[in-house]
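To start, the structure under review is shown below, and the notes come after it.
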Amino acid sequence: MKLADHREKMNHGFVRIKLDLEKYGYRLDDKNSIKMKCGLDRLKAADYIEPKGDKFAFVEFTDLRRQLNNTIKEFLVIKEATFPDRSGKKISHSHCDRIIGTITSEFCTKFKDSLFILAEIKKIFTDIPDSFEKKPHAVLVIAPQHHDDKHMDTADAARYFDSIKNAITLGLPEMLFTQVHIIELNDYASS
């Protein structure tokens, strides 16, 4: 099988954002994806493999702000129901760590499973780019803040994103990955 047959224009999947990407990659995670062709449908995967010159990246599109807002909101509801005398809008550092841990665990699994899928791709497909022999970058492309979102303070968002990036970096073996990047969709589109 030819890998080139699976190259497609990337779709970020953010329904509320009308930005057409001019980037191409190999779809890893979808009904008709490479993952399915390899018979690895039970594994998690990044959305795409993006070759870029002599490097490549596993790219995951995520509405991280919305996910953080929803997770924090759910946590506060549970906290208020469980400890009504300690309710409030504050979240302790240990609870922030748990929230970030839950989110980063999902991304680490996707990136690690993507490496396993890549190993299978090398066995099954022909025309593998030379860059696939190098260590990949792990890239989270996040949706920009939308007016429908509950406002997340810019400084808080930056701290959360930095903590998530650090946790993913620590969760991915250094000998298998080059770097972790978190980048907004508009910046990614122009890179």
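So, Ile99, is that one closer than 17 Å to Tyr160 by Cα, in a helix (DSSP H, G or I), modelled with pLDDT under 85 and under 21 Å from the mean Cα position of the chain (by Cα) or not?
yes
What pairs come up if the first residue lies in the range 119-135 and is polar (S, T, N, Q), the second is part of a helix (DSSP H, G or I), and their beta carbons are under 9 Å apart, counting only those six or more places apart or on different chains?
Thr126/Leu3; Thr126/Ala4
Filter the range 47-64 down to residues that are in contact (Cβ under 8 Å) with a residue 40 or more places away in the chain and of a type in the set (D, E, K, R) and give me whichever is nearest to Ser114 (Cα to Cα).
Looking at the filtered set, the residue picked out is Glu60.
Name the pairs: first residue in the range 65-80 and hydrophobic (A, V, I, L, M, F, W, C) and surrounded by 18 or more Cβ atoms within 10 Å (Cβ to Cβ), second residue at pLDDT 70 or above and part of a helix (DSSP H, G or I), Cβ to Cβ under 8 Å, at least 6 apart or on different chains?
Once the first residue is hydrophobic (A, V, I, L, M, F, W, C) and surrounded by 18 or more Cβ atoms within 10 Å (Cβ to Cβ) and sits in the range 65-80, its partners that are at pLDDT 70 or above and part of a helix (DSSP H, G or I) give Leu68/Ile99; Leu68/Ile103; Leu68/Ala157; Leu68/Tyr160; Ile72/Ile99.
Go through the range 126-160 and report how many residues are among the β-branched types (Val, Ile, Thr), at pLDDT 80 or above and exposed (fewer than 13 other Cβ atoms within 10 Å of the Cβ).
Step one: list which residues in the range 126-160 are among the β-branched types (Val, Ile, Thr), which gives 126, 128, 139, 141-142, 154.
From what is left, the residues that are at pLDDT 80 or above are 126, 128, 139, 141-142.
If we keep only those that are exposed (fewer than 13 other Cβ atoms within 10 Å of the Cβ) as well, we get 126.
So the count comes out to 1.
Here is a list: Leu28, Leu40, Leu3. Which entry is in contact with a Phe, Trp or Tyr (Cβ under 8 Å, 6 or more places away or on another chain) and surrounded by 22 or more Cβ atoms within 10 Å (Cβ to Cβ)?
Leu28
Can you work out which of the residues in the range 176-191 that are assigned to a loop (DSSP other than H, G, I, E, B) and in contact (Cβ under 8 Å) with a residue 12 or more places away in the chain is farthest from Leu64 (Cα to Cα)?
The selected residue is Leu176.
Tally up the residues in the range 158-191 that are among the aromatic types (Phe, Trp, Tyr) and farther than 30 Å from Lys18 by Cβ, please. I'd like the intermediate steps shown before the answer.
First, the residues of the range 158-191 that are among the aromatic types (Phe, Trp, Tyr): 160-161, 177, 188.
If we keep only those that are farther than 30 Å from Lys18 by Cβ as well, we get 177.
Adding up the residues that qualify gives 1.
Counting only residues that are over 17 Å from Phe125 (Cβ atoms) and of a type in the set (D, E, K, R), which one in the range 1-23 is modelled with the lowest pLDDT?
Ranking the qualifying residues of the range 1-23, first place goes to Arg16.
The values are calculated or read from the model by the stated rules, or taken from the named source; none is laboratory data. Quick caveat, the model's predicted, so the values are computed rather than measured. Every residue, glycine among them, receives a Cβ derived from its backbone with ideal geometry; neighbour counts consider all protein chains shown.
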